[in-house]
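As structure tokens, the structure follows; a few thoughts come after it.
The values are calculated or read from the model by the stated rules, or taken from the named source; none is laboratory data. Note that the structure is predicted; figures quoted are calculated from it, not measured. Here the Cβ is made from the backbone with ideal geometry for all residues, glycine too, and neighbour counts use every protein chain on show. Ligands, DNA and RNA are excluded from the accessible area calculation, which covers all protein heavy atoms including side chains. Shrake-Rupley method; radii C 1.70, N 1.55, O 1.52, S 1.80 Å.
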Amino acid sequence: MLRAYGNFLAAILLISLFLCVVIEWYGFNYVPAKNAQTIEVYIPQGSSVNLVASILHTQGVLERPRAFVLMARFQNLSRYLKAGEYIIPSDITPAKLLRFLKEGKVLYRDYTLVEGWRFKQVLESMQNNRYVDYDLQHKTIPEIMAELGFPNENPEGRFFPDTFKFARGTSALVLLKKSHQLMSKELEELWQQRAANLPYKFPEDAVIVASLVEKETAAWEERSQIAGVILRRLEKNMRLQIDPTVIYALGDQYTGSLSKENLVVNSPYNTYLYKGLPPTPIAMPSKSSLYAALHPADGDAIYYVSRGNGTHEFSATLTAHNNAVKKLRQLEGSK
């Protein structure tokens, strides 16, 4: 009698245990978390399955973290959950969440390198972006270029301005490599399609001119005209007299306006003082500026002056140029 009763209790316990397992299994597989909206979650690199479950539980995505850990281990997935930033749907079940993390459906953000930036601005932008892993602290620019595989290469103009997709935690070095590779690709293609009889010895010379064009005008329709003026002045052995080269030479000493003293700063980048092109590009040129440098507009203009609206007045003679400057100053004075 007692044995039968004991067997009965054991059976009840087994059935109860089985039902608990079934309920837990059902809850894990089919019952979504009670979050009313999508939730942004970040799983750091190197997180254990226990840490992943804890993060998900803390964020309100997961109600049964222990069950999540057990299921991940049971399915041999605990080592295959991908780090990164995720947007977790509001109706996702834990089982689907496990597959979601295993497949690494991370959120990709946009990072934009802006045309006309100097390399210093590129680094500052990356350092200030909280989603980028800025792993270049305490590294000099030569050290950075060496890590990219281009020792002794000046960084100005070597990176292509574009918008890149990246996952949170991506290394700044990875983004720089993508931009550098893209510049090499775009420059090679444009160089093969360049106009005939250009004075450039190397593609890098065109990048220097493109950087000057980039800083001189924001109007894409006159970039080829600016490039034409630059090349004609070089052909005539005239100084380029381009303000942005002086600004580049001044660096952090530039205060927002150029003085007469600034125009005689002794630097190989000062095109008021020295003839020819500056030693390197002064900024990151856009594709349209690269194209302009490789397809300069024909004409006889060797001067231009800003109209104050982003465009320029072009002249073929110094007299016409001085008249244009005088006219524009009169217009500015009448405002």
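Values for this structure:
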| quantity | calculated |
| --- | --- |
| If the convex hull is drawn through the Cα atoms of the range 42-98, its volume per residue in Å³ | 70 Å³ |
| Accessible area per residue in Å² at 1.4 Å probe, computed on the range 186-301 | 50 Å² |
| Qualifying GluC sites (Glu not before Pro) in the range 256-335, DSSP loop, other Cβ atoms within 10 Å at most 10 | 261 |
| In degrees, nearest ten, helix 223-235 long axis to first principal axis of the chain (Cα) | 50 degrees |
| Correct choice for mean projected area of the Cα convex hull in nm² that was computed from the model, options (1) 16.7; (2) 25.9; (3) 15.9 | (2) |
| Amide proton proximity set for residue 303, modelled H, under 5 Å, gap of 5+ | 315 |
| Accessible surface of the chain, 1.4 Å probe, proportion on carbon and sulfur as whole % | 53 percent |
| Filtered trypsin sites (Lys or Arg not before Pro), the range 132-182: DSSP coil and at most 15 other beta carbons within 10 Å | 139 |
| For the range 117-205, the fraction of alpha-carbon pairs in successive 10 Å shells from zero, as % | 15, 46, 27, 11, 2 |
| Folded to 0 to 90 degrees: helix 94-103 orientation relative to the chain principal axis, Cα | 40 degrees |
| Pairs beyond 31 Å (Cα-Cα), from 139/260; 102/178; 96/178; 102/165; 178/215 | 139/260; 96/178 |
| Net dipole in debye of the chain [+1 Lys, Arg Cβ; -1 Asp, Glu Cβ; about Cα centre; nearest 20] | 800 debye |
| The range 89-187, relative contact order in percent, only Cα pairs under 8 angstrom and at least six apart counted | 35 percent |
| Rounded to 5, the percent of DSSP beta bridges in the chain classed as antiparallel | 90 percent |
| Computed over the range 52-151, Kirkwood Rh from alpha-carbon pairs, angstrom | 16.7 Å |
| The range 123-148-the range 170-210 distance, computed between alpha-carbon centres (Å) | 21 Å |
